[in-house]
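Computed from the coordinates by the stated procedures, all read-outs in this text should not be read as laboratory data. Because the structure is predicted, anything quoted here is derived from the model rather than measured. Methodologically, a virtual Cβ is constructed for each residue, glycine included, from the backbone with ideal geometry; neighbour enumeration extends over all protein chains shown.
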């Protein structure tokens, strides 16, 4: 989600009125009026939305129609306004873009990984946007076989993304997903790797993932419903029409999604059904795809469990029995009822059991201790040890590990100052072998930067971690700019990782900070539980309290403080600018989930029903009232807001474009300030932005230019806008 740093010439001021803007903001409006730079206006078409006796008037509800030419025209007008208001930063944006891509090794290759006798490689060529997927048989010295040249495949598309590559067990056929709209709706295609020919099998409206049975002709895949919920599993026989595919499973509960996968051992096809607080699995011997799946364990409310297979056993990471931080169990593969489960790793109140990787002779356990990720390796006879990375603050995780019968696990390591590093770890000798460290082109040295972790005291007394990184020479006197990032939802932990683009901020004096707020899972499962449902406001107040701590401890001051968040982190941004707008000079809200109540009342929107266990169900009066009390769109008021850059994608399937569009329209109508308020809509992409390797960096350069310009040219916190 983040990026990295370096130095570049400061912005060249190309418009003479900027000096006037700084010295006398009251003249700004007349200057822009003379230049005919006017913010777009949106027609109000009031719609009454009544629930639980509460009538809500939504004048911008009509923007919820991407096929309406008036809506597209409005979004285009906002884009045009944004371009004009940032026209004086075009050179800076270009400089930043060139600076960022200048750190990227353009001709590059991933660390090859071994799977079923082939080494698989992803590589990039200079100047090209998309990867080349290749493999080599048995040896890295063997001739390269190009499986997919995505640059050629993407030709002619505004958006193109490959997902879900999987090769048949006999290594003959590649299945892959193809998305050309950016709504995460994939078409499954198949390629004969011997002849290089595309097979006639084409399957529409899937998640992009195909799972092979061991007969090399049967694949399982998932289809989506009208709300883009993965809801049905089908079986396809290679060489037959998709119209003849057999429906294997239908997940009828709209709060659950379904997925199909294969165990690392290669023995089982596994269908998973999952909601926020419950899941269920069905299993099938991969040698017998014609047979019926059997239920591993019937679903139970609030029972989360995750299964993996190896050596005649299933391993279960479960919260059963009050194990909020999870414990690890095992059972015979033919006796999957809980009465047969045997505990291997007990529940620990101070250690979150995050994940497991099962190998023939070893279990690799990913854990969180005091917010730090650790990897434990244990032989199946019980001996265990931690991998020693010889650093105190870092992020470590298991990487690509497709082989089951191996004594080597591939792991990744990074920190706020250490580029992404890949190791092979010998689980017998306990030796790390460096395979590759991300190369940062230019004069980058990690010794020029310093990272630290501090703690803010939240208003209820809880200690909230903050990770920071800055260029050495930083003076803690409040004079330097600071960008504070936060997320705080779904139990998703934001770990301190390296980002080369971020250097462009650090080298200009910015501090980058991560607020590890509640709603994530950095400090254990309770950290998540205390940031959801009726405790959701802890997420927002934690972020505000972190910001106030950074100010009180002289890392920055409100006139130098910026905030960033995307998706559910965009909800965070919307909430904090309503609650404490005076704390921030500028805010970037990327694809923000800001119209919480309206969205969660609309079951036709992707994610809605599956997220009742995250936010609550507003069809219940108590949840409705609580959600409305923090929903950013519902709480916009006539007051001063910080400068804001808001981004969205017309085809976003996760957070629909109309949420940020309505929010910006309402802010324009009610706010009492002259600060920059900009909306950028990518008319060709969705939630994750552009798919190309460099395309998304143009947007990043624009965001950085917004921050740098605001910092350098608006010391009184009032920006140039009408």
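Summarising the label geometry, the points placed 7 Å from Cα in the beta-carbon direction at residue 335 and residue 94 lie 7.3 nm from one another. To the nearest 10 degrees, how steeply does helix 90-102 sit against the main Cα axis of the chain, on a 0 to 90 scale? The angle comes out at about 30 degrees.
What shape does region 148-241 take by its C-alpha gyration tensor, where a ≥ b ≥ c are the square roots of the eigenvalues and a/c under 1.5 counts as rounded, a/b above b/c as prolate, and the rest as oblate? Here region 148-241 falls in the oblate category. Taking the average, over residues, of other Cβ atoms within 10 Å as the packing measure, peptides 44-51, 387-394 rank 387-394, 44-51 from highest down.
In the chain, the longest principal axis of the Cα atoms and the axis of helix 568-579 are about 30 degrees apart. Please label the shape of region 568-708 as rounded, prolate or oblate, based on the square roots a ≥ b ≥ c of the eigenvalues of the alpha-carbon gyration tensor (a/c under 1.5 means rounded; beyond that, a/b larger than b/c means prolate, else oblate). Taking the square roots of the gyration eigenvalues as a ≥ b ≥ c, region 568-708 is oblate. In whole angstrom, note down how far apart the Cα centers of region 532-604 and region 460-527 are. Their Cα centres are 14 Å away from one another. Compared with the direct C-alpha span, the chain from residue 552 to residue 455 gains 33.7 nm at full extension, assuming 0.36 nm per residue.
In plain terms, the chain from residue 237 to residue 192 could stretch by 14.7 nm, reckoned as 0.36 nm per residue minus the Cα-Cα distance. What separates the Cα centres of region 112-159 and region 201-221 is a distance of 21 Å.
Were the residues from residue 52 through residue 386 laid out at 0.36 nm apart, the gain over their Cα-Cα distance would be 114.9 nm. The angle between the Cα long axis of helix 695-713 and the main principal axis of the chain comes to about 30°, on a 0 to 90 degree scale.
Rounded, prolate or oblate: which one fits region 434-562, using the alpha carbon gyration tensor with axes a ≥ b ≥ c (rounded when a/c is under 1.5, else prolate when a/b beats b/c, else oblate)? It is oblate, given that a/c is not under 1.5 and a/b is not larger than b/c.
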